[in-house]
Amino acid sequence: MDQSTLARLEATIAARRSADPDASYVARLHAKGLGKIAQKVGEEGVETVIAALSGSADELVGEAADLLFHLMVLLGARDVPLARVLAELDRREGLSGLAEKAARPRD
C-alpha cells in the first residue's frame, strides 16, 4: 500500500459519509455517531493486538487493515485530513521515540 491507496480510501470514506445508511457501512457508522465510530476503532485495535499475539500473519494483516479503515473513518468524522497525520509523522521522522515523547507537553 502506498500513500495513494490511503488517499483513495480517504476520498471513498468522505463520499460515503452522506450516503444512505442502509446502503453504506460508513454512512451507518456516521449515523450512529462519533462514540460508535471511536468504539469500533477500539474494538479493531484490540482485535489487532490479539491477532499479533496469537493469530497468523494473514489474520494480523486483516485486522490491521480493519484498524486503519476505522481510524480513517474516525479522522473523517472529526474533519482531520490524513495529510495532517502524515505531516505529524514526517515531523517526527528522525527523532528518537524517547526524545519525542519526553518533549510532549505534560498536563
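Results for (1) among the β-branched types (Val, Ile, Thr); (2) on the phi < 0 side of the Ramachandran plot; (3) in contact with a strand residue (DSSP E or B) (Cβ under 6 Å, 6 or more places away or on another chain), shown as yes or no for each residue.
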residue: Val73; (1), (2), (3): yes, yes, no
residue: Asp79; (1), (2), (3): no, no, no
residue: Val85; (1), (2), (3): yes, yes, no
residue: Asp90; (1), (2), (3): no, yes, no
residue: Glu93; (1), (2), (3): no, yes, no
residue: Ser96; (1), (2), (3): no, yes, no
residue: Ala99; (1), (2), (3): no, yes, no
residue: Ala102; (1), (2), (3): no, yes, no
residue: Pro105; (1), (2), (3): no, yes, no
Of all residues making up segment 10-26, the number that are in a helix (DSSP H, G or I) and within 16 Å of Ile37 (Cα to Cα): 6
task: Please specify each residue of segment 68-107 satisfying the condition of being at pLDDT 95 or above and of a type in the set (Ser, Thr, Tyr).
output: none
query: Quick one: is Asp90 loosely packed, with under 11 Cβ neighbours inside 10 Å, of a type in the set (D, E, K, R), in a helix (DSSP H, G or I) and more than 14 Å from the chain's Cα centre (by Cα)?
result: yes
Residue, nearest to Leu29 (Cα to Cα), within segment 43-64, restricted to residues that are in contact with an Asp or Glu (Cβ under 8 Å, 6 or more places away or on another chain), of a type outside the set (Gly, Ala, Ser) and surrounded by 15 or more Cβ atoms within 10 Å (Cβ to Cβ): Glu44
task: Within segment 27-37, track down each residue that is part of a helix (DSSP H, G or I) and either loosely packed, with under 15 Cβ neighbours inside 10 Å or modelled with pLDDT under 95 (or both).
output: Ala31, Lys32, Leu34, Gly35, Lys36
- request: Could you tell me whether any residue of segment 93-102 is touching a residue at least 12 places away in the same chain (Cβ under 8 Å) and exposed (fewer than 13 other Cβ atoms within 10 Å of the Cβ)?
  value: no
statement: Among residues of segment 1-13 being exposed (fewer than 15 other Cβ atoms within 10 Å of the Cβ) and touching a residue at least 40 places away in the same chain (Cβ under 8 Å), the residue farthest from Leu82 (Cα to Cα) is Gln3
message: Can you go through Ala65, Ala57 and tell me which one is of a type in the set (A, V, I, L, M, F, W, C), more than 21 Å from Leu6 (Cα to Cα) and at pLDDT 95 or above?
response: Ala57
message: I'd like to know if segment 79-89 contains one or more residues that are over 25 Å from Ala14 (Cα atoms) and in contact with a helix residue (DSSP H, G or I) (Cβ under 9 Å, 6 or more places away or on another chain).
response: no
- prompt: Taking the condition surrounded by fewer than 17 Cβ atoms within 10 Å (Cβ to Cβ), farther than 27 Å from Arg104 by Cβ and in contact (Cβ under 8 Å) with a residue 40 or more places away in the chain, does Arg17 pass?
  reply: yes
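The values are calculated or read from the model by the stated rules, or taken from the named source; none is laboratory data. All of these numbers come straight from a predicted model, not from anything done at the bench. Note: ideal-geometry Cβ built from the backbone for every residue, glycine included; neighbour counts use all protein chains shown.
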